[in-house]
1. For residue A:200, are the conditions met, namely being closer than 22 Å to residue A:132 by Cβ and either buried (at least 24 other Cβ atoms within 10 Å of the Cβ) or more than 17 Å from the chain's Cα centre (by Cα) (or both)?
2. Would you say residue B:41 is within 14 Å of chain A (Cβ to nearest Cβ) and modelled with pLDDT of 90 or more?
3. Determine which member of the set B:8, B:80, B:28 is within 14 Å of chain A (Cβ to nearest Cβ) and either in contact with a strand residue (DSSP E or B) (Cβ under 6 Å, 6 or more places away or on another chain) or under 25 Å from residue A:603 (Cβ atoms) (or both).
4. Residue check, residue A:591 against (1) part of a loop (DSSP other than H, G, I, E, B); (2) away from chain B (no Cβ under 14 Å), all met but one. Which one?
5. Taking the criterion of being at pLDDT below 90, assigned to a loop (DSSP other than H, G, I, E, B) and crowded, with 23+ Cβ neighbours inside 10 Å, would at least one residue in region A:259-270 satisfy it?
6. If only one of A:539, A:494 is in a helix (DSSP H, G or I), more than 30 Å from residue A:197 (Cα to Cα) and without any contact (Cβ under 8 Å) to a residue 60 or more places away in the chain, which one is it?
7. Tell me which residues, restricted to region A:11-35, are in a helix (DSSP H, G or I) and surrounded by fewer than 17 Cβ atoms within 10 Å (Cβ to Cβ).
């Protein structure tokens, strides 16, 4: 079993390193296929491990002692239990599909090989993140995925906007990581270990205030990685990266790492329900907040990115209210349909020569039938229509919110569900149906390569059937996760499901009806609310005015006044003293023997005088 | 009565003459003479102090110095002759090939 663990973990690393050897050379299909095969092997090993863990075996290995200094003992250890194996299977499955898809998608890119190296390195980091048996390993993986995300968002680094977005994502994450680091320090300071088992066994004995702080700090880390308000702006800008990257990193895996952290640290969060409730409230807020921005956006990928943000909010509601397995379940189903949606969007982008404005599309159904069907499936699943995957996980979250008595949260999520249905189908309608606006722009769309479409079919299948596994999933994960006890009446639960389904279907029908008849009139764009949403609540602008610009000014002040006048001046003064001394002493070395002899005599006399003066 | 002090004064005077010669002269040959004067000033000092203490090692040291001085002059004069053949001058100021 350990063998499979190592294969699952290190196969992506091998792929990445081999691909890196070819990074500077011309496009080579071998690199793409080789890395895809290795990721697939990693997926197979993860499936085998899933089987073992299903039999109740938890694989826990310690590779070697990693950090040992004073009282710190941090081994390089890995654990495959019910939580991590679910993450491993999800990550490797989506990664395999994204790798195969990328062979077609990145076909025309001259940095083809480099792309695969980064992508596999990302998978490796993500595996470290989910498999580590201690917080330090988790943090290393956390930083690793952050680095790969930076590399991949800025993959087309010659584009100003791409490198800007990459830096934004990286810096925002650094801010949050500081919070997470503080949390880790606090844990180590109070417990003296960072191993999960030790920490969770001892966390109950701590002072509740300390536990609260630990929970808050860890959640700050999760907020950055999962792009929760107010650190959410980077996710939409991260869409500058290639689309497979958006599908893998910014929809299915990396951004869900925050949810994973909350689930993994569930033993901490159950002790502090207040923080949990705050997490849930923030999640519900983000769910509606992001969905509202998706309503008006015209950028194909940004709409999906806001949708991701909104769904992450749903997951945090479940996690915050103590329904950890539901959070994990939604994480998994969301990974399937959201990456499908993104990869479908990639097909559309290719067809439209990288055009992203959905108002310039329309009527693509006739030329891109398979993609249209795949994206519609994903959208239905996202909207949460029975019997697709999204229905099961999302409705469970709404039930949890209702059941905990947090009716306000439930109502927010309820509204969010309607908005989600609407914007998903707004996107589908504007892209695939209606008038062929693209003809005005002289674009000749074409369907993607067949193998790219075949690669997407497993995701589509899972988007349809993943919800059926709800009961086995629950049994599987509640072996170690706390189960959530529903106290709702069956009839109330049915009512809730009906209500949510009605609002979701209503959203879909409204979108279909509205956009079939030519969509909204132009006058709606003049409404203040439309402008507010279109400008993302002016938050990016606010950040620029309130943080970026003052910071730039302060930096400039420090540079001109402190750095140049104090630091540089001091260093320069030292240098110039030495330099002028040298300049004067240079005269001694004029090469004239007579002068040298005289100086020698002077030295001798001086030494003699010294000897006389200081004789013992 | 000639005492140790007289010898040492003589040695000091000779040493000073040598030093002044070393500093003032530009002719390489004269520099060699000055060096010899310096060495012999020291030899006088050694011999006198050796006699004063009744210890022979000072005089033995003086012999060593004479031997070393002789070999130094032999090598030095050889070089000097070569230098003269090469440049036609034994002026000290012209000996500045390494000047940067």
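The values are calculated or read from the model by the stated rules, or taken from the named source; none is laboratory data. As the structure is a computational prediction, the values presented were derived from the model and not from experiment. All Cβ positions, even for glycine, are placed from backbone atoms using ideal geometry, and neighbour counts span all protein chains on display.
1. yes
2. Numbers: within 14 Å of chain A (Cβ to nearest Cβ): yes; modelled with pLDDT of 90 or more: yes.
It is true that residue B:41 is within 14 Å of chain A (Cβ to nearest Cβ) and modelled with pLDDT of 90 or more.
3. Working: B:8 fails: within 14 Å of chain A (Cβ to nearest Cβ); B:80 fails: either in contact with a strand residue (DSSP E or B) (Cβ under 6 Å, 6 or more places away or on another chain) or under 25 Å from residue A:603 (Cβ atoms) (or both).
So the residue among B:8, B:80, B:28 that is within 14 Å of chain A (Cβ to nearest Cβ) and either in contact with a strand residue (DSSP E or B) (Cβ under 6 Å, 6 or more places away or on another chain) or under 25 Å from residue A:603 (Cβ atoms) (or both) is B:28.
4. Condition not satisfied by residue A:591: (2).
5. For region A:259-270, residues at pLDDT below 90, assigned to a loop (DSSP other than H, G, I, E, B) and crowded, with 23+ Cβ neighbours inside 10 Å: absent.
6. On inspection, the qualifying residue turns out to be A:494.
7. Here is the first cut: in region A:11-35, the ones in a helix (DSSP H, G or I) are A:11-21, A:29-35.
Result: A:17, A:21, A:29, A:30, A:33.
Here's the yes/no breakdown for (1) over 23 Å from residue A:596 (Cβ atoms); (2) under 13 Å from the mean Cα position of the chain (by Cα); (3) away from every other protein chain (no Cβ under 13 Å):
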position	(1), (2), (3)
B:18	no, yes, no
B:21	no, yes, no
B:34	no, yes, no
B:47	yes, no, yes
B:50	yes, no, yes
B:55	yes, no, yes
B:62	yes, yes, yes
B:67	yes, yes, yes
B:97	no, no, no
